[in-house]
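Heads up: the structure comes next, in structure tokens.
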Amino acid sequence: MRLRIFLEPQQGATYEDQLAVARAAEDLGFDALFRSDHYLHMGDHVNGLPGPTDAWITLAGLARDTSRIRLGTLMTAATFRHPGPLAISVAQVDRMSGGRIEFGFGAGWFEQEHAAYGIPFPAAARERFDRYEEQLDIITGLWTTPVGETFRYEGRHYRLAEGPALPKPQQGPRPPVVIGGTGLKRTPRLAAKFADEYNVPFASLEETEAAFDRTTEAVRASGRGAPMVYSAAQVLCVGRDDAEVVERAAVIGREPDELRRNGLAGTPEEVVDKIGRFGAVGAERIYLQVLDMTDLDHLELVASAVAPRLD
């Protein structure tokens, strides 16, 4: 089981805050640092100050300011960017990192943030997924087109005319692609076609197992030969004792009992047990959603009291 740190910087964080967590995660031996791709904070517990940071600009900085830890997004929003320039940005950051980027990619869903920053938002979920699927075709196609050849695409929403398909990422043939969600049909099909990893975010153990099963069946039906990595994302709130759990829960505006039901919360023993249950249904990686970036002792506790006890 690999543990990865997952940040939500739109809730209120500077680049320096994110860098401090990334360096701590790297020093403590975590496998990866991922961040969300949002431009507006969520909930009344925070005000979002000093404001959002762009996911790929941030990852470009972290690519140069870290050396080992893998970096990525859960999930880059397809509604925020055109696929051609996005393929260029991710490839460039992959090269800047020495080949440490993983590309988590989703259709986009938070309508409010689009309105707040003037970003077009297709109202129909079907259109968002249609655009998302075309973007997956284009981005992976641009990356995997051999050097010296051109890439052409004729879709309903996007058209590319004999593009040089450059630059190439450092990782060949492309960075790992992560697709997530709990959709019943289309998400498993797209994961089977495009993804190296399928992620289930913030779901119960039972919902996660059912989603894994749907994607496993989609992989089988597709005839795909490459293996799929299965992962889950859960909010983190670990304490050495109940008092510390209560304290950390209060800081992020949550109740300990609710966190125990809906996340990875409690003493190290409780969290090890629950991670083990996710492992038993097929999860190979767990993304730990860290909502208080100032609490680096939280990461140290996980690294010292949770990680060594996982298989």
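Compute the signed sum of charges (Lys and Arg +1, Asp and Glu -1) over the other residues within less than 12 Å, Cβ to Cβ, of Phe121.
After counting each charged neighbour, the total is -1.
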Query raised in the report: What percent do you get for the relative contact order of the chain when only Cα pairs under 8 Å and 6+ apart count?
Result: 18 percent
Query raised in the report: How much accessible surface area, in Å² rounded to 10, belongs to the heavy atoms of Tyr230 with a 1.4 Å probe?
Result: 30 Å²
Query - Distance histogram for the range 245-311 (every C-alpha pair counted, 10 angstrom bins, percent rounded to whole numbers) - result: 19, 55, 24, 1
Query raised in the report: So what are the ³J(HN,Hα) numbers for the range 275-286, from phi and the Karplus equation (6.51, -1.76, 1.60; θ = phi - 60°), rounded to whole Hz, Gly and Pro as x?
Result: 4, x, 5, 5, x, 5, 9, x, 5, 9, 9, 10
Query raised in the report: Considering only the other residues whose Cβ falls under 12 Å of the Cβ of Glu206, what net charge follows from Lys and Arg at +1 and Asp and Glu at -1?
Result: -2
Requested in this report: Provide, as a two-decimal number, the C-alpha radius of gyration of the range 104-168 over 2.2 N^0.38 Å, N being how many residues it has.
Outcome: 1.31
Query raised in the report: Could you state the per residue volume, in Å³, of the convex hull enclosing the Cα atoms of the range 180-269?
Result: 102 Å³
Query raised in the report: So how long is each side of the range 87-234 along the principal axes, counting just the alpha-carbon atoms, biggest first, in Å?
Result: 47, 39, 30
Query raised in the report: Out of the range 131-205, which trypsin sites (Lys or Arg not before Pro) are coil in DSSP terms and have no more than 15 other C-beta atoms within 10 Å?
Result: Arg156, Lys185
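Of all trypsin sites (Lys or Arg not before Pro) in the range 55-122, which ones are in loop regions per DSSP and have a Cβ with at most 14 other Cβ atoms within 10 Å?
Here the sparse-neighbourhood loop sites are Arg68.
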Report summary line: Taking alpha-carbon centroids only, the range 261-311 lies from the range 207-221 a number of Å equal to 24 Å
Report summary line: Mean shadow area (nm²) of the C-alpha convex hull around the range 80-120 is 3.5 nm²
Query raised in the report: Where does the Debye-calculated log10 I(q)/I(0) of the range 44-113 sit at q = 0.12 Å⁻¹, using only Cα point scatterers of equal weight, no solvent?
Result: -0.36
**Report entry** the chain: translational diffusion in µm²/s, Stokes-Einstein, Kirkwood Rh over Cα pairs, 4 °C, 1.567 mPa s
**Finding:** 65 µm²/s
Query - Per-residue ³J(HN,Hα) for the range 61-66, Karplus 6.51 cos²θ - 1.76 cosθ + 1.60, θ = phi - 60°, Hz, x for Gly and Pro - result: x, 5, 4, 8, 9, 10
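Tell me, what is the percent relative contact order of the range 7-158, built from C-alpha pairs under 8 Å that lie six or more residues apart?
21 percent
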Query - Under the Karplus curve 6.51 cos²θ - 1.76 cosθ + 1.60, θ = phi - 60°, whole-Hz ³J(HN,Hα) for the range 43-52, x wherever Gly or Pro sits - result: x, 8, 6, 10, 9, x, 5, x, x, x
Query - Relative contact order (%) - the range 212-311, alpha-carbon pairs under 8 angstrom, separation at least six - result: 34 percent
Query raised in the report: With axes computed from alpha carbons, what is the tilt in degrees of helix 205-222 against the longest principal axis of the chain, rounded to the nearest 10 within 0 to 90?
Result: 20 degrees
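The values are calculated or read from the model by the stated rules, or taken from the named source; none is laboratory data. Just so we're clear, the structure is a prediction, and the values are computed from it rather than from any experiment. Here Cβ is always computed from backbone atoms with ideal geometry, including for glycine, and neighbour counts include all displayed protein chains. Areas reflect the complete protein model, heavy atoms only, side chains present, ligands, DNA and RNA absent. Shrake-Rupley method; radii C 1.70, N 1.55, O 1.52, S 1.80 Å.
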